[in-house]
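Undergrad: Can you keep this structure in mind? I'll have questions shortly.
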Amino acid sequence: MRTLNLALQGGGSHGAFTWGVLDALLEDGQLDFEGLSGTSAGALNAVAFASGWATAEAAGRDPREGARERLAAVWQRVSAWGSLGSLPQQFLRMLGGGVLSPYQSNPLGLNPLRDLLEAEIDFVAIAAHPRLKVFVSATHVNTGRAVVFSGRKLDAKTVLASACLPLLFHAVEIDGEPYWDGGFSVNPALSPLISECDCSDLLLVQINPLRRGETPRTTAEIQDRIGELTFNASLLTQMRAIDYVNRLVAEGAVTDPQCRAVRVHRIDGGAALQAYPGSSRASADAVMITRLFEAGRAAAHVWLRRHFAAIGQHSTVDIQRDYLDDTRMAVPSSRPPATLIAAPGFRPWLARLLRHARR
């Protein structure tokens with residue numbers, strides 16, 4: 001049995017691809033899981049996975065089958081939103097941009113995701129599970145900072161915050177503070193999987209394309225690409241941080257034996273998701289959701305055939321090729337770790353990553 005941490009990107013109904021990936025990984029039966037970190041649709045997938053796993057295990061059933069069943073139930077509800085004239089589908093169609101804010105067009109603050117979460121997700125079971133850790137990210141509206149919720153702080157409201165598109169829904173207030181979709185700040189949060197988990201293998205399920213083959217020209221194409229760039233920006237930054245720490249470890253610039261490198265893996269939607277415009281993330285079309293689910297399963301099967309043996313051994317992603325750019329930092333191998341952490345302008349979260357990424 002090999003163990004993975006799962007990092008699940010957000011992307012609206014394109015998260016059905018992630019559902020397919022998770023379904024195949026669970027069905028395979030050769031994997032165990034320690035941490036799940038998700039944003040927006042990734043958060044929904046993470047809590048569905050964890051709820052199904054925890055409740056099935058508590059009942060003496062196969063936790064993998066429980067997780068598969070809960071994920072399927074959640075996405076069947078999402079597919080039902082696509083019924084002509086349904087209230088959730090009307091909300092989704094508003095994403096293209098009415099002239100009214102949600103405080104004008106939706107004064108009661110209605111949100112169809114709230115009912116889904118209350119009906120399908122057992123947050124008490126997730127918090128009580130002795131081993132499985134779940135991290136959900138949202139963006140603090142007033143500061144722009146990413147906030148990660150886990151343990152007993154994880155509930156329906158935090159998932160609503162993680163998936164709160166500000167042109168559709170009121171900001172979600174938690175302890176008197178307003179939150180929007182986590183994708184604006186971190187999509188998804190990788191550092192909790194490193195600092196709070198023992199497993200050193202991180203599998204990213206990426207549903208926002210890094211590259212597009214053609215320059216967008218229409219207004220819709222430009223808006224779609226802006227959205228993709230926005231929601232991938234934090235991922236690029238985090239991947240660069242992981243690469244930097246990995247190189248520090250490899251070059252001996254970090255001497256603390258408890259500081260470890262991270263083995264990074266990835267399953268992405270590739271051509272399957274590029275066939276759908278970014279605007280389709282707001283669609284609850286059942287046919288599209290089914291096709292993305294099947295594409296996710298197929299991608300996971302390919303990844304398992306090619307890379308299962310690498311789990312626990314080495315990364316299967318070339319971070320420098322896929323994620324680095326001209327802002328990369330050189331590894332100052334002659335400088336001690338304390339100097340690196342205290343250097344002026346050094347990002348505090350990277351300092352924490354170096355300090356707490358321990359087995």
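Undergrad: Working carefully through the options ALA54, ALA24, ALA7, ALA73, find the one that is in contact with a helix residue (DSSP H, G or I) (Cβ under 9 Å, 6 or more places away or on another chain), assigned to a helix (DSSP H, G or I) and crowded, with 24+ Cβ neighbours inside 10 Å.
TA: That would be ALA54, the only listed residue that is in contact with a helix residue (DSSP H, G or I) (Cβ under 9 Å, 6 or more places away or on another chain), assigned to a helix (DSSP H, G or I) and crowded, with 24+ Cβ neighbours inside 10 Å.
Undergrad: If you go through segment 141-168, how many residues are open to solvent by 20 Å² or more (accessible area, probe 1.4 Å) and either of a type outside the set (A, V, I, L, M, F, W, C) or part of a strand (DSSP E or B) (or both)?
TA: Looking only at that region, the number is 14.
Undergrad: Mind listing whichever residues of segment 275-295 are in contact (Cβ under 8 Å) with a residue 60 or more places away in the chain and either of a type in the set (A, V, I, L, M) or within 30 Å of TYR244 (Cα to Cα) (or both)?
TA: Passing the criteria: ALA282, ALA284, ALA286, MET288, ILE289, LEU292, ALA295.
Undergrad: Under 9 Å between Cβ atoms, which residue pairs at least 6 apart in sequence (or on different chains) link something in segment 165-178 that is modelled with pLDDT of 95 or more with a partner that is in a loop (DSSP other than H, G, I, E, B) and of a type in the set (Val, Ile, Thr)?
TA: Filtered contacts from segment 165-178: GLU177/VAL141; PRO178/VAL141.
Undergrad: Tally up the residues in segment 127-139 that are under 18 Å from ASN232 (Cα atoms) and either open to solvent by 60 Å² or more (accessible area, probe 1.4 Å) or of a type outside the set (S, T, N, Q) (or both), please.
TA: 2
Undergrad: Can you tell me which of THR219, THR255 is surrounded by fewer than 21 Cβ atoms within 10 Å (Cβ to Cβ), under 26 Å from SER283 (Cα atoms) and hydroxyl-bearing (Ser, Thr, Tyr)?
TA: Every option except THR219 fails the conditions.
Undergrad: When you scan segment 250-263, how many residues do you find that are at pLDDT 80 or above and under 18 Å from LEU193 (Cα atoms)?
TA: Residues flagged as at pLDDT 80 or above and under 18 Å from LEU193 (Cα atoms) within segment 250-263 amount to 4.
Undergrad: Exactly one condition in (1) at negative phi; (2) open to solvent by 10 Å² or more (accessible area, probe 1.4 Å) is false for PHE49; which is it?
TA: (2)
Undergrad: In the set ALA241, ALA171, which member is surrounded by fewer than 23 Cβ atoms within 10 Å (Cβ to Cβ), in contact with a Leu (Cβ under 8 Å, 6 or more places away or on another chain), farther than 24 Å from ALA295 by Cβ and not hydroxyl-bearing (Ser, Thr, Tyr)?
TA: Matching residue, one of ALA241, ALA171: ALA241.
Undergrad: Also, I was wondering about something else. In segment 175-197, is there at least one residue being part of a strand (DSSP E or B) and open to solvent by 50 Å² or more (accessible area, probe 1.4 Å)?
TA: Checked segment 175-197: at least one residue is part of a strand (DSSP E or B) and open to solvent by 50 Å² or more (accessible area, probe 1.4 Å).
Undergrad: Consider LEU273 against the criteria (1) closer than 29 Å to GLU196 by Cβ; (2) touching a Pro at 6+ places or on another chain (Cβ under 9 Å); (3) not in a loop (DSSP other than H, G, I, E, B): it satisfies all of them except one. Which criterion is unmet?
TA: (1)
Undergrad: So if I check each of ALA284, ALA298, ALA261, which one is more than 17 Å from the chain's Cα centre (by Cα) and open to solvent by 50 Å² or more (accessible area, probe 1.4 Å)?
TA: Within the list ALA284, ALA298, ALA261, the selection yields ALA298.
Undergrad: In the set SER86, SER101, which member is modelled with pLDDT under 55, polar (S, T, N, Q) and loosely packed, with under 15 Cβ neighbours inside 10 Å?
TA: The unique qualifying residue is SER86.
Undergrad: Could you list, in sequence order, all residues of segment 198-216 that are touching a strand residue (DSSP E or B) at 6+ places or on another chain (Cβ under 9 Å) and open to solvent by 80 Å² or more (accessible area, probe 1.4 Å)?
TA: Result: ASP198, single match.
Undergrad: Test GLY60 against the criterion of being open to solvent by 20 Å² or more (accessible area, probe 1.4 Å) and either among the aliphatic types (A, V, I, L, M) or modelled with pLDDT under 90 (or both), and give yes or no.
TA: no
Undergrad: Confirm whether ARG247 is open to solvent by less than 50 Å² (accessible area, probe 1.4 Å) and more than 24 Å from GLY42 (Cβ to Cβ).
TA: No, not satisfied.
Undergrad: Collect the residues in segment 104-124 that are surrounded by fewer than 18 Cβ atoms within 10 Å (Cβ to Cβ) and either charged (D, E, K, R) or at pLDDT 90 or above (or both), keeping them in residue-number order.
TA: Within segment 104-124, ARG114, ASP115, GLU118, ALA119, ASP122, VAL124 meet the criteria.
Undergrad: Okay, next question. Checking the conditions here, which among ARG68, ARG93 is among the basic types (Lys, Arg), at pLDDT 90 or above and open to solvent by 20 Å² or more (accessible area, probe 1.4 Å)?
TA: Of ARG68, ARG93, the one residue that is among the basic types (Lys, Arg), at pLDDT 90 or above and open to solvent by 20 Å² or more (accessible area, probe 1.4 Å) is ARG68.
Undergrad: Moving to a separate point now. Just a yes or no: is a residue in segment 228-238 assigned to a helix (DSSP H, G or I), open to solvent by 70 Å² or more (accessible area, probe 1.4 Å) and without any contact (Cβ under 8 Å) to a residue 40 or more places away in the chain?
TA: Looking for residues that are assigned to a helix (DSSP H, G or I), open to solvent by 70 Å² or more (accessible area, probe 1.4 Å) and without any contact (Cβ under 8 Å) to a residue 40 or more places away in the chain, one finds at least one in segment 228-238, hence yes.
Undergrad: May I pose another question? Out of curiosity, is ALA43 in contact (Cβ under 8 Å) with a residue 60 or more places away in the chain and within 21 Å of LEU160 (Cα to Cα)?
TA: yes
The values are calculated or read from the model by the stated rules, or taken from the named source; none is laboratory data. Since the structure is predicted, the reported quantities are computational estimates derived from the model, not experimental observations. Cβ atoms come from the backbone with ideal geometry, glycine included; neighbour counts cover every protein chain shown. The accessibility values were calculated without ligands, DNA or RNA, using every heavy atom of the protein model including side chains. Shrake-Rupley method; radii C 1.70, N 1.55, O 1.52, S 1.80 Å.
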